[in-house]
Amino acid sequence: MKITIVGTGYVGLVTGTCFAEMGHTVLCVDNDESKIKMLKNLEMPIYEVGLQELVAKNVAEKRLSFTTSIQEGTEFAEAIFIAVGTPPGYRGQANLSYVEQVGRQVAESMTDYRLLVEKSTVPVNTGEQLKRTIAKYLREDIPFDVASNPEFLKEGTALEDAFKPDRIVVGVESERAGTLLRKIYQPLIDKSGCKFLQMNIASAELTKHASNSFLATKISFINAVARVCELAGADVEQVAHGMGLDLRIGPQFLRAGVGYGGSCFPKDVDAFVHLADQLGYNFQLLKEVQHINKTQREFMMQKIQHELWVVQGKKIAVLGLAFKPGTDDIREAPSLYFIPQLMEAGAKLRLWDPIAQENFNREHPGLKYYDTPLACAEGADLVLILTDWPEVKELDLAKLKETMRCPVIIDGRNTFNPQTVKELGFTYESVGRP
């Protein structure tokens with residue numbers, strides 16, 4: 001089949017590439033000329049393990065191509081997936097201007113039936129608004145459908161998630177739209193055996209926000225438990241292990257740390273809270289999730305201040321800038337909280353991340369970056385671990401101690417065994433462990 005993807009970010013580029021690998025012919029559209037130029041040269045605008053090789057393979061086999069023309073994309077395929085950004089807007093409400101713009105431009109280019117599929121994460125009832133927009137800008141009475149097909153990709157493992165999904169959720173209003181989406185996904189269903197869940201559009205839209213908000217709740221819950229553990233002399237990792245063996249709970253997302261970040265959880269929780277407020281429901285549970293996530297970072301900052309006493313003039317090595325390993329994404333990353341705070345306090349910062357340094361430098365230019373964790377830690381009064389990259393987990397701690405001015409580690413990811421690190425002579429603070 002022919003498929004058009006509008007947007008070549010994390011969702012659009014991965015989705016389009018995977019559709020091509022499934023055997024479809026895919027045209028990816030983006031209004032960013034520099035990004036399309038990069039992709040035509042087989043250069044990736046984002047980092048995702050294995051993505052560049054898969055893009056190159058499908059471009060060579062003529063199943064994947066790129067353009068800046070929305071009209072070309074509209075003419076190319078019956079099914080058009082909208083995978084543009086929906087960044088946080090006013091008071092947590094999702095900014096849907098890019099989604100609206102695509103709907104308008106497609107409507108103005110349509111000459112025959114088209115199915116517009118929301119792939120971006122959007123608040124409930126966006127489908128209804130998109131329908132109104134398309135109907136408003138259509139030049140003649142042309143049939144069309146709108147559908148919702150939320151993505152459940154995790155950055156760093158997006159290709160694996162795309163080829164082995166837990167489920168495929170689609171929200172449709174017509175038999176034609178449901179049949180078309182089933183036909184698109186049939187090769188994946190046959191290969192992976194995943195469930196194809198068809199529901200109405202509002203339910204599909206809400207499924208994504210509800211899923212991410214629940215996962216964020218698990219993270220904030222275990223971070224709150226970690227605070228209690230520290231006060232009680234308990235070990236949050238042992239507590240989480242005991243909880244996770246309960247099949248009703250499961251071990252996923254029960255790792256204490258500096259809180260959740262990234263492009264999904266903060267934005268989706270904010271949008272869900274805002275939606276509930278608009279509908280007249282005070283979603284106090286999710287508001288507390290937000291509060292715990294914010295104060296968890298403040299709690300870690302207090303540990304830094306306690307260990308250093310005076311932060312001004314101290315060398316602090318920050319290991320990890322991305323919000324999680326395996327990605328160069330720094331959106332809502334803990335580093336965006338800690339580094340400005342430490343700069344304001346007068347610290348001398350030394351930064352390391354294997355792939356996110358370029359993105360972080362755009363936000364905070366002029367800082368010093370180093371090629372290895374050990375080089376970053378040279379002469380440091382304190383090491384702050386914000387991302388548990390493999391290079392951090394595999395650090396030679398004896399060498400780390402030798403290169404530091406003072407052997408102090410504040411570990412926001414519970415990377416090391418506390419007893420082992422302390423026996424080596426470090427002052428070691430982690431999350432929720434005695």
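Counting other beta carbons within 10 Å of each Cβ, put THR111, THR121, THR8, THR403 in order, fewest first.
Details: THR111 10, THR121 22, THR8 27, THR403 18.
Result, fewest neighbours first: THR111, THR403, THR121, THR8.
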- Item | Calculated from backbone phi, Karplus (6.51, -1.76, 1.60) coupling profile of segment 429-434 in Hz, x at Gly/Pro | 10, 10, 10, x, 10, x
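What does the extension gain come out to for GLN252 and THR427, with contour length at 0.36 nm per residue minus their alpha carbon separation? Before the final figure, lay out the partial values.
Working: separation 175, 0.36 × 175 = 63.00 nm, distance 2.94 nm.
In short, 60.1 nm is gained.
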- Item | Beta bridges by DSSP in the chain, antiparallel share as percent, to the nearest 5 | 5 percent
- Message: Once you place label points 7 Å from the Cα toward the Cβ at GLN101 and ASN125, how far apart are they in nm?
- Response: 2.5 nm
- Item | Nearest-20 debye value, segment 295-429 charge dipole, Cβ charges on Lys, Arg, Asp, Glu | 320 debye
- Mind checking the dipole of the chain: about its Cα centre, +1 per Lys or Arg Cβ, -1 per Asp or Glu Cβ, Debye to the nearest 20? 360 debye
- Query: For the chain, what is the relative contact order in percent, using Cα pairs closer than 8 Å and at least 6 residues apart in sequence?
  - Reply: 12 percent
- Message: Along the Cα→Cβ direction, 7 angstrom out, place labels at MET44 and LYS368. What is the inter-label distance in nm?
- Response: 3.1 nm
- Query: Can you give the extra length, in nm with one decimal, that the chain gains between HIS241 and ALA210 once fully stretched, where that is 0.36 nm per residue apart less the Cα-Cα distance?
  - Reply: 8.7 nm
- Note on the structure: Once the dipole of the chain is set up from charges on Cβ (+1 Lys and Arg, -1 Asp and Glu), the residue from the list LEU181, THR111, ALA158 lying farthest towards its positive end is ALA158
- Item | Relative contact order of segment 2-199, pairs being alpha-carbon contacts under 8 Å that are 6 or more residues apart, as % | 20 percent
- FRET efficiency for THR68 and ASN282, using Cβ-Cβ distance with R0 set to 35 Å, rounded to 0.05: 0.20
- Within a Cβ distance under 11 Å of VAL14, other residues only, what is the Lys/Arg minus Asp/Glu net charge? -4
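Pairs to check: LYS37/LYS154; LYS294/LYS422; LYS62/LYS195; LYS208/LYS267; LYS314/LYS401. Give those whose C-alpha atoms are more than 19 Å from each other in this structure. Show your work: numbers first, answer last.
Values: LYS37/LYS154 26 Å; LYS294/LYS422 29 Å; LYS62/LYS195 30 Å; LYS208/LYS267 12 Å; LYS314/LYS401 17 Å.
Result: LYS37/LYS154; LYS294/LYS422; LYS62/LYS195 exceed 19 Å.
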- Karplus 3J(HN,Hα) series, Hz, for segment 294-305 with 6.51 cos²θ - 1.76 cosθ + 1.60 (x for Gly, Pro): 5, 6, 4, 6, 4, 4, 5, 5, 5, 5, 4, 5
- Task: Could you tell me, in Å, what Rg and Dmax come out for the Cα atoms of the chain?
- Result: 23.5, 76
- Note on the structure: Scalar couplings 3J(HN,Hα) for segment 29-43 by Karplus 6.51 cos²θ - 1.76 cosθ + 1.60 (θ = phi - 60°), nearest whole Hz, x for Gly and Pro, are 10, 8, 7, 8, 4, 5, 5, 5, 4, 4, 5, 5, 8, 6, 9
- Arrange the following residues from fewest to most other Cβ atoms within 10 Å of their Cβ: SER263, SER69, SER220. SER69, SER263, SER220
- Task: In debye, nearest 20, what is the charge dipole magnitude of segment 1-141 about its Cα centre with +1 on Lys and Arg Cβ and -1 on Asp and Glu Cβ, if you could check?
- Result: 180 debye
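Among rounded, prolate and oblate, which fits segment 295-429 when a ≥ b ≥ c are the square roots of the eigenvalues of its C-alpha gyration tensor, a/c under 1.5 means rounded, and a/b larger than b/c means prolate? Could the numbers behind the result be given before it?
Details: a/c = 1.43, a/b = 1.21, b/c = 1.18.
Because its axes are fairly even, with a/c under 1.5, segment 295-429 counts as rounded.
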- Item | Mean separation of Cα contacts under 8 Å (6+ apart) over length of segment 295-429, as relative contact order % | 25 percent
- Query: Given H placed 1.01 Å from N in the peptide plane, which residues other than close sequence neighbours of VAL117 have an amide H under 5 Å from its amide H?
  - Reply: ILE80, PHE81, ILE82, ALA147
- Amide H of VAL318: which non-local residues (sequence gap of 5 or more, or other chain) have their own amide H closer than 5 Å, using H built in the peptide plane? ARG350, LEU351, TRP352, LEU384
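Quick one: of the DSSP bridges fully inside segment 2-199, what percent are antiparallel, nearest 5?
Details: 2 of 29 bridges.
Bridges in segment 2-199 that DSSP calls antiparallel: roughly 5 percent.
Every read-out reported here was derived from the displayed coordinates using simple, explicitly stated rules and does not represent laboratory data. Quick caveat: nothing in here was measured; it's all calculated off a predicted structure. Reconstructed Cβ throughout: ideal geometry from the backbone, glycine too, with neighbour counts over all protein chains shown.
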